[in-house]
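One structure below.
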Amino acid sequence: MVRINWVVALMATTTLWGFTIGVLSREEAAEEFFGKATLWISNNFTWFYTLTQNAWIFVVIFVLFRKRYANIKLGQPDDRPDYSDLVWFTLIFTTGLGTGIFYFGVSEPMYYYRDDSKLLGTATNYIAKIPFMNDDQRANMAMFVTFLHWGLHGWATYILVALTLGVVHYRLGRPLTLRSAFYPIVGDYVNGLFGDLIDSMSIACTTFGLCTSLGLGASSINTILHRMSASIPDDDDNTKSAIIWGITALTTGALVSGLHRGVITFAIVAFSILLALIMILFMLDNTWYLANSFTQQIGTYLQYVILGGFDNDAIAQLNIEFTQNDTHLWGAQGIKQLVETALNKTLADPTTYYSSSPTSFMDTWTVFYWAWWITWAPFVGMFYAKISRGRTIRSLILVGMFAPMFLGFFAISVLGSLGIRMQRIAELALGAAPDWQKGVVNCGALGYLENTPVSADAKKLASELGVYALACRKSTDRILDILEPYKNLTTLLQTLVLLGVILFFVTSADAGAFVDDMIAANGMENPPVLQKVWWSITQGATAQALLSSTKNGLSTLQSVSICAALPYTFALNYMCVALFRAMDETNEDPTYMKMRKGFSTSIVDVFENFHKADGTMATKQASTKDRLLLLLRTILNPRRSLTTAGLELFKPLRLSVLSFGYGLVYLLWILLLALSPLDKGTHTLAWLMYLIFTSITAAVRYNLRKKWYIIGNLMDDFFVCFFFYPFALAQMQLEVESHTGRAVEHGRANFVPANTMKAADD
């Protein structure tokens, strides 16, 4: 028997397969679209990603040190953990980290440390978040930025989802699906179309995030196989396709075997392989150098994590205004064209003139990482919640965020430090000094051409000593290159890397397909085999389409991750609210219990029918005409609705001033919006007026809740009013009538007030 939520399954399937077919049929158009979408998101929402990522860290740490929250058990008082501590940590680490540790462990620090601009075609220099005075500091900052991308910001995202789902599922008895995370906010509405949209979006977001890892993993495996056997072509689309479907087959087999026999086995083996690889390198090489490097890098990370976490290249982005023609207040011509026309001269390149950071850094790296973690958060967080029965919130935070983070740091530190050392050896041996201030090397002077050593010295250095100029090598080659000096063990170590890449991804893909299947089955913990196979194949097909159908498949995969993460970022912000409500419900917090009642009507009641506070239908139902009239009046004359609400909050004089100002900013918004085609600056002022307008609406809604002990918070109020202000105003107007019993002229004469609310208030 197939148990499935057909609405969720069809929406997710249509999205993913429609996307796959669309990309395959319109390759160039798809690549161009995602490139433009990524640029638009990074230009407009970098601040949003930055603020939210840091806010989630604060939320998780606050919960950790709040005893009444940290001691909450994910389960009943007598529930014991389903897995041993070691197996639990292994599942957390392998599921959350993925193949990225092998792909980026050496490559990412090298990108920041040295850059062959001719080879890479992108400027990733000037990565220092603080000024550095010598090459040692540059190397240290290269490791810091890598740690930043693999540190608290990512793991906190996972834990936020895991905590919310864990409390709602185990303590409030809701099904283990993503929609349940929003139950503390919207109540039973999660059972309808709203919940279906959340679940389908989660499946799509998960798949796109996993596709990025599958693409990286396929490229890495292809390179490793080529190194082991020259008969296997490197960077070959057919080989990558075979790898993708081979991994998909392994994933499907593990899913069919079940969580305990399949996924756990792969996770334990993958974890053991990574640990063996890192410890062999740590003990076999210069242990004291590696130990010192790790210690120093941890200190640097702790010192600058706040500075780096909030850095978003704001000043460097001025370069966009100096080089593009359609920007901000200057109209269609832009700063560059206007100045050049006025002075009859060409503006200097701002990057060179001011030694600025390249504006591409945040787009290519930090924003991509934040988005990548977010796309993984739905399935990783839900999987963490699934395996954490019997654990406390404190233990989940410590073991699910801090422990894997520091173990990941250790692995990256060993791999990255060995890479930096090898690069220095190559530069010294081949006699080509780098421009360390810019982090640029001349690969031609080092004897390299298109990733390959061609000069006699470079070839001899590589063949006899196993030393390469890593900055001149492909990303997928670098982790293999640092293993070449260990002559007798090289084959063994490269085999460990190959197995590690495969098994780490299979573990993550298993968890992703497992979660997708649970979501589509309304939280059923062991869905039928047919459904497991379907979601596993869908993941493989989506990755295949993205990787093989575009000229720059990996770049497209990154772009898709960034685009998919934006809507889920909003969802995660609401999860913060849901988490605290769920924990307060669990603890029976007196303040919360007093305020747990909601508004008499829902935001969307205007489309259905108005209800009393106790949830029952009004005695006489309002007609469709009357309900739509109410909505129309809030759109055309919001001042009237706000004044009705304000009667319960403010004295006459203050209300008159507020009402006048409210109506004024509304009219200015409409007027300036109408004039915006004439002047781009007018468009900006128009939306400033709208921001003020919705902020006033939210403030009044917030005060109404406080007056009548209605659950919610200011963030709820702001976002509801910002996106749905007519519905919010109608809701506030109805709430006043339900409390006061006073007839309000809004075209809804047949509505019977819910006097129960008045009684409760009294």
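When you scan the range 424-436, how many residues do you find that are exposed (fewer than 15 other Cβ atoms within 10 Å of the Cβ) and modelled with pLDDT under 90?
3
Answer yes if at least one residue in the range 45-56 is hydroxyl-bearing (Ser, Thr, Tyr), within 30 Å of ALA582 (Cβ to Cβ) and not in a helix (DSSP H, G or I), and no otherwise.
No, because not a single residue in the range 45-56 is hydroxyl-bearing (Ser, Thr, Tyr), within 30 Å of ALA582 (Cβ to Cβ) and not in a helix (DSSP H, G or I).
So TYR170 ticks every box in (1) among the aromatic types (Phe, Trp, Tyr); (2) more than 17 Å from PHE402 (Cβ to Cβ); (3) out of contact with any Asp or Glu (no Cβ under 9 Å at 6 or more places or on another chain) but one. Which box is left unticked?
Here TYR170 meets the rest and fails (3).
Test each condition in (1) over 26 Å from the mean Cα position of the chain (by Cα); (2) under 17 Å from PHE570 (Cα atoms) for SER229 and report the one that comes out false.
Here SER229 meets the rest and fails (2).
At pLDDT 75 or above, more than 19 Å from PHE147 (Cβ to Cβ) and surrounded by fewer than 16 Cβ atoms within 10 Å (Cβ to Cβ), is that true of ALA348?
Yes; evaluated as a whole, the condition is true for this residue.
Have a look at THR212, THR157 and point out the one that is among the hydroxyl-bearing types (Ser, Thr, Tyr), in a helix (DSSP H, G or I) and at pLDDT below 80.
THR212
Please work out which residue is nearest to CYS211 (Cα to Cα), limiting yourself to the range 503-541 and to residues that are of a type in the set (Val, Ile, Thr) and surrounded by 23 or more Cβ atoms within 10 Å (Cβ to Cβ).
The extreme case among them is VAL506.
Among the residues of the range 161-186, how many are out of contact with any Gly (no Cβ under 7 Å at 6 or more places or on another chain), of a type outside the set (D, E, K, R) and in a helix (DSSP H, G or I)?
Number satisfying all stated conditions: 15.
Outside any helix (DSSP H, G or I) and either of a type in the set (Gly, Ala, Ser) or under 26 Å from GLY151 (Cβ atoms) (or both), is that true of GLY408?
no
Pairs, please: C-beta under 6 Å, at least 6 apart or cross-chain, first residue of a type in the set (Asp, Glu) and in the range 568-584, second surrounded by fewer than 20 Cβ atoms within 10 Å (Cβ to Cβ) and part of a helix (DSSP H, G or I)?
ASP584/TYR592
Evaluate the range 502-511: report whether one residue or more is acidic (Asp, Glu), at negative phi, more than 21 Å from the chain's Cα centre (by Cα) and assigned by TED's automatic domain parsing to the domain that holds HIS226.
Among the residues of the range 502-511, not one is acidic (Asp, Glu), at negative phi, more than 21 Å from the chain's Cα centre (by Cα) and assigned by TED's automatic domain parsing to the domain that holds HIS226, which makes the answer no.
Could you please let me know if TRP365 is out of contact with any Cys (no Cβ under 8 Å at 6 or more places or on another chain) and surrounded by fewer than 24 Cβ atoms within 10 Å (Cβ to Cβ)?
Criteria met by TRP365.
Do we find a residue being in the same structural domain as MET382 (by TED's automatic domain parsing), within 30 Å of LEU318 (Cα to Cα), in a helix (DSSP H, G or I) and more than 21 Å from the chain's Cα centre (by Cα) anywhere in the range 65-82?
Scanning the range 65-82, I find no residue that is in the same structural domain as MET382 (by TED's automatic domain parsing), within 30 Å of LEU318 (Cα to Cα), in a helix (DSSP H, G or I) and more than 21 Å from the chain's Cα centre (by Cα), so the answer is no.
Can you find a residue in the range 196-209 that is in a loop (DSSP other than H, G, I, E, B), small (Gly, Ala, Ser), more than 21 Å from PHE102 (Cα to Cα) and within 29 Å of the chain's Cα centre (by Cα)?
no
Quick one: in the range 471-495, of everything that is within 11 Å of SER220 (Cβ to Cβ) and of a type in the set (A, V, I, L, M), which residue is surrounded by the most Cβ atoms within 10 Å (Cβ to Cβ)?
ILE479
Is it true that some residue in the range 237-245 is touching a Ser or Thr at 6+ places or on another chain (Cβ under 7 Å), of a type in the set (Ser, Thr, Tyr) and closer than 17 Å to VAL380 by Cα?
no
Exactly one of (1) surrounded by fewer than 23 Cβ atoms within 10 Å (Cβ to Cβ); (2) within 30 Å of the chain's Cα centre (by Cα); (3) among the β-branched types (Val, Ile, Thr) is unmet by VAL454. Its number?
(2)
Identify, please: which residue in the range 713-762 is of a type in the set (A, V, I, L, M) and modelled with pLDDT under 70 and is, among those, nearest to SER641 (Cα to Cα)?
Looking at residues that are of a type in the set (A, V, I, L, M) and modelled with pLDDT under 70, I get VAL744.
The values are calculated or read from the model by the stated rules, or taken from the named source; none is laboratory data. The model shown is predicted, which means the values in this text are computed figures rather than measured ones. Positions of Cβ are generated from backbone atoms using ideal geometry, with glycine treated the same way; all protein chains shown enter the neighbour counts.
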